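Asker: Below is a structure I'd like to ask you about.
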Amino acid sequence: MILVVAVIIAVCLLLLIGYEIWMVSIAGQAATWDMISNTERCLRELYGNSTQTELKAWLPDAQMNFTDGLIWESQLLTYTENRPQYQNVVQVLQNGKGACGEFVWVFSAFCVAKNITFRVVALGYFVPNIVDHVWAQVNPSHDGTTWIHVEVTDSCTRLKEGSAIEQLWNVTINNNDYYTERHYRMVLAFELNQNGEIVITDVTATFS
């Protein structure tokens, strides 16, 4: 009798664990689709005339490359998880605070303004506050194949703390192994092509 009760309890526990795992999976899938939809929307907004017009007030009127952009951004933003819900990148600059998402969107807006080919890189499976990170790749040569990894948030943070941009090469810049220990299972790159289409590329092999 005791054995039967123990088996029933064990089965119930397994069913409960299975249900919880299923619920987490469903929630993760829903969050992932929301992330993809929001990434596409934000990417299009970066190219909008209103965003670029407002951004001009924040940008030096000079030719700048992507490392100049990191230095510029590091002087304006401070990393924090405690920030409001922003509607656009100009609000981020006005507040001066953000997490990885805000850092990458400001950097991306800079790339649009300075005609630097870029794409936003985010996790293809997404669990808010658990698996949640975003960075960038740039293609200064505009050849569509030579992509340089840019860990925007950590780069700006280190610059703010006194590191020189040269010290970040092959560390937070141009270092595809930067995330290897995190074992990300799916990584997607988002870019807007010349036809105005959002192109999503699986770059998991590059960063895993």
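Asker: Do you know which of the residues in the stretch 165-208 that are in a loop (DSSP other than H, G, I, E, B), within 17 Å of the chain's Cα centre (by Cα) and hydrophobic (A, V, I, L, M, F, W, C) is surrounded by the most Cβ atoms within 10 Å (Cβ to Cβ)?
Answerer: Residues of the stretch 165-208 that are in a loop (DSSP other than H, G, I, E, B), as a first pass: 170-172, 174-179, 183-186, 193-197, 203, 208.
Going one step further and asking which of them are within 17 Å of the chain's Cα centre (by Cα), we end up with 172, 174-179, 183-186, 203, 208.
Now restrict to residues that are hydrophobic (A, V, I, L, M, F, W, C): 186, 203.
Details: MET186: 15, VAL203: 19.
Among those residues, the one meeting the criterion is VAL203.
Asker: Among the helices (runs of 4 or more DSSP H) contained in the stretch 18-134, which hold 1 or more residues that are within 17 Å of the chain's Cα centre (by Cα) and modelled with pLDDT under 95?
Answerer: It comes to 89-95, 100-113.
Asker: Let me ask something else. For GLU151, state whether it is closer than 26 Å to ASN193 by Cα and of a type outside the set (Phe, Trp, Tyr).
Answerer: Considered against the rule, which asks whether it is closer than 26 Å to ASN193 by Cα and of a type outside the set (Phe, Trp, Tyr), GLU151 comes out as yes.
Asker: Right, another one. May I ask you to list the residues in the stretch 152-208 that are polar (S, T, N, Q) and modelled with pLDDT under 95?
Answerer: Our first condition is that a residue be polar (S, T, N, Q); within the stretch 152-208, this holds for 153, 155, 157, 163, 167, 170, 172, 174-176, 180, 193-195, 201, 204, 206, 208.
Correct list: ASN176, THR180, ASN193, GLN194, ASN195, THR201, THR204, THR206, SER208.
Asker: Pairs only if they're at least six apart or on different chains, beta carbon under 8 angstrom, first in the stretch 32-49 and surrounded by fewer than 12 Cβ atoms within 10 Å (Cβ to Cβ), second in a loop (DSSP other than H, G, I, E, B) and modelled with pLDDT of 85 or more; list them, first residue then second.
Answerer: Going by the 8 Å Cβ cut-off, there are no qualifying pairs.
The values are calculated or read from the model by the stated rules, or taken from the named source; none is laboratory data. Quick caveat, the model's predicted, so the values are computed rather than measured. All Cβ positions, glycine included, derive from the backbone under ideal geometry; neighbour counts span all protein chains shown.
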